[in-house]
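A quick write-up on the structure given underneath.
The values are calculated or read from the model by the stated rules, or taken from the named source; none is laboratory data. Note that the structure is predicted; figures quoted are calculated from it, not measured. Quick reminder, even Gly has a Cβ in these numbers, built from the backbone with ideal geometry, and neighbours come from all protein chains shown. Keep in mind that these areas ignore ligands, DNA and RNA; they rest on the heavy atoms of the full protein, side chains included. Shrake-Rupley method; radii C 1.70, N 1.55, O 1.52, S 1.80 Å.
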Amino acid sequence: MAADQSKADVTRPFVARLTRPEDDPDAFARAVEALKHGELVAVPTETVYGLACDATNPDAVARLYAAKGRPAINPLIAHVPDFEAAAREGDLDARADRLGRAFWPGPLTLVVSRGTMCRVTPAACAGRPTLALRVPAAPLMQALARALDRPIAAPSANISGRVSATTADDVVEDLGRAVAVVLDAGPCPIGVESTIVDVSGEPARLLRPGGLARAAIEEALGATLADPPASATQSPAAPGLLTSHYAPSAAVRLDADDVAAGEALLAFGPDLPDGAERAVAIVNLSPTGDLAEAAANLFQALRRLDRTGVSTIAVAPIPPEGLGEAIRDRLVRAAAPRPSIHGD
Ligand code: TXA
Ligand code: MG
């Protein structure tokens, strides 16, 4: 509406380029102040950009759900600066202790029981008795959680159900003025979200493959990780695991060994599928076939191919090992039929 637009604050969001707080202390302080006032701040982590708010503030959490268009039944990850802070919010059993000490700070999220002193507002956990905890390695998110001295709720900084954001430009494009401050540290080095392991019950389950490979976790745990409960992929009780997610506007065709006229190609490795010359556009996730490079490029590549306006993106086969498990998981969800809940 024109009247509303003319009243909109055109100075938002305030965008600052920094990797560490000391690069721009004023911008960092502005982000801390915004969080203290219940506003939303976009913050890079080593995995993807997060849309951050004070996890103890119910109004801020409500604002965050609204900005993302996220169903209120989908809980958020609480980010804390170190292991000790995690242990104050959640009940860390022997398995959580072992995994947290092995991999934090880093791209691992642990689902544990809420601790008796947990300050995270119940709405951020969607009313569940469990809490997802992560200690990020990225200096800005870690320093923000330390400066605020409260857990920070931060989902990926994209519109719910759509492709995650790995650059500050992506965040501004998706969330724009809903955000008070955007801290821009350039592209995220890992490029896919944290691995989520549920240790709130038996057995330990891999809820989401991510930036930390399954094999490393299983080795540290001395046990195999179970799959999510079968109900989790269909039930609205666990919408984060719903099949359709990371969806570009274009349809996505997986494990393509050829390219049809009019399709765009998401390639991987030195060998292109048959008919690659017919592709309207090609992005190669990693010409040398390096899975870490492919993960870092994945969401940018999907956004870039989507911008060409093609109706279908053909995706070359990606091996399922290491980070390939997380890449394939994102692509399978990007290819899945889209429920109306995600606004398609
Ligand atoms: O790398 C990441 O994890 C990024 C950065 C910003 O930290 N965050 C992220 O958040 O990916 P989000 O909200 O996009 O994904 C979090 C997932 C959702 O699928 C949610 O359902 C699940 O974690 N989750 C959160 N709390 C949970 C809980 N108590 N039990 C089970 N799943 C939970
Ligand atoms: Mg997300």
Taking amide H positions as placed 1.01 Å from N in the peptide plane, with prolines and chain starts having none, which residues 5 or more places from I73, or on another chain, fall under 5 Å of its amide H? none
1.4 Å probe accessible area per residue over segment 251-335, in Å²: 42
State in Å² the accessible area per residue of segment 14-233; use a 1.4 Å probe, count heavy atoms of protein chains only, and round to the nearest integer. 37
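Going highest first, how would you order 160-170, 275-285, 215-225 by mean Cβ packing within 10 Å? If you can, show how the numbers build up before the last one.
Working: 160-170: 22.6, 275-285: 17.6, 215-225: 14.4.
Sorting 160-170, 275-285, 215-225 by mean packing, highest first, produces 160-170, 275-285, 215-225.
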Which cross-chain or sequence-distant (5 or more) residues have an amide H under 5 Å from the amide H of A247, H modelled 1.01 Å from N in plane? R162, V163
The chain, accessible surface, carbon-and-sulfur percent (1.4 angstrom probe): 53
Result row for the chain, helices from DSSP H with C-alpha axial extent 18 Å or more and mean Kyte hydropathy at least 0.5, is none
Relative contact order of the chain (C-alpha contacts under 8 Å, at least 6 apart) in percent is 19
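Once you have a ≥ b ≥ c as the square roots of the Cα gyration tensor eigenvalues for segment 1-119, tell me rounded if a/c is under 1.5, and otherwise prolate or oblate according to whether a/b is larger than b/c.
Working: a/c = 2.45, a/b = 1.62, b/c = 1.51.
Taking the square roots of the gyration eigenvalues as a ≥ b ≥ c, segment 1-119 is prolate.
Rounded if a/c is under 1.5, else prolate if a/b is larger than b/c, else oblate: which is segment 251-335, with a ≥ b ≥ c the root eigenvalues of its Cα gyration tensor?
Working: a/c = 1.65, a/b = 1.37, b/c = 1.20.
Prolate.
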Can you give me the C-alpha center-to-center distance between segment 23-38 and segment 118-189, rounded to a whole angstrom? 14
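Considering only DSSP states other than H, G, I, E and B, which chymotrypsin sites (Phe, Trp or Tyr not before Pro) in segment 60-139 qualify as loop sites with at most 13 other Cβ atoms within 10 Å? Provide the component values of the computation, followed by the final result.
Working: sites: Y65, F83, F103; in loops: none.
In loop regions of segment 60-139 (DSSP not H, G, I, E or B), there are no sparsely surrounded chymotrypsin sites (Phe, Trp or Tyr not before Pro).
For R146 and T224 in one chain, what is 0.36 nm times their gap in residues minus the Cα-Cα distance, to one decimal in nm?
In short, 24.7 nm is gained.
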In terms of the Cα gyration tensor, with a ≥ b ≥ c the square roots of its eigenvalues, is the chain rounded because a/c is under 1.5, prolate because a/b exceeds b/c, or oblate? oblate
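Just subtract the alpha-carbon distance of D257 and A66 from 0.36 nm times their residue separation and send over the number in nm, one decimal.
Values: separation 191, 0.36 × 191 = 68.76 nm, distance 4.06 nm.
Extra length from D257 to A66 when fully extended: 64.7 nm.
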